[in-house]
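Single-structure report; data block below.
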Amino acid sequence: MATTQVHTKAAKLARRLATLDGARLGLLSTGKKNCDLLVAEIGDLLGERYRLASVRRWTKPSVYRFSPRKRMEEIAGQSDAVVAGVGD
């Protein structure tokens, strides 16, 4: 029976924001059905509750693939908080 080795790296938790007031919010859709609607609605609700500095949306190229590293770095560099959704 073949075995598969999984290599993992230790990761640090992201810093937690005390509030979303003044934050740059990123919304990431996985590309799955209704996900764009889901994350947009969450963004609207958060915009009603907090004074967000900005809201920016991204969509993964495919629901079946990881987002490219460059895209994730772009999102991290332009967002203080990110909501990623699945949909359906």
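Scanning the range 27-53 for residues that are exposed (fewer than 15 other Cβ atoms within 10 Å of the Cβ) and either part of a loop (DSSP other than H, G, I, E, B) or among the basic types (Lys, Arg) (or both) gives LYS33, ASN34, ARG49, ARG51, ALA53. Which residue is modelled with the lowest pLDDT, if the candidates are limited to the range 54-75 and must be more than 11 Å from LEU28 (Cα to Cα) and either in a helix (DSSP H, G or I) or under 10 Å from the mean Cα position of the chain (by Cα) (or both)? By that ranking, first place goes to ARG69. For the range 50-66, the set of residues classified as touching a residue at least 24 places away in the same chain (Cβ under 8 Å), more than 27 Å from THR19 (Cα to Cα) and of a type in the set (Ser, Thr, Tyr) consists of SER62 only.
Of all residues in the range 1-51, those being modelled with pLDDT under 85, more than 28 Å from SER62 (Cα to Cα) and either in contact with a Cys (Cβ under 6 Å, 6 or more places away or on another chain) or small (Gly, Ala, Ser) (or both) number 1.
The values are calculated or read from the model by the stated rules, or taken from the named source; none is laboratory data. Owing to the predicted nature of the structure, the values given are computational and were not obtained by experimental measurement. Glycine gets a Cβ as well: all are built from the backbone with ideal geometry, and neighbour counts include every protein chain shown.
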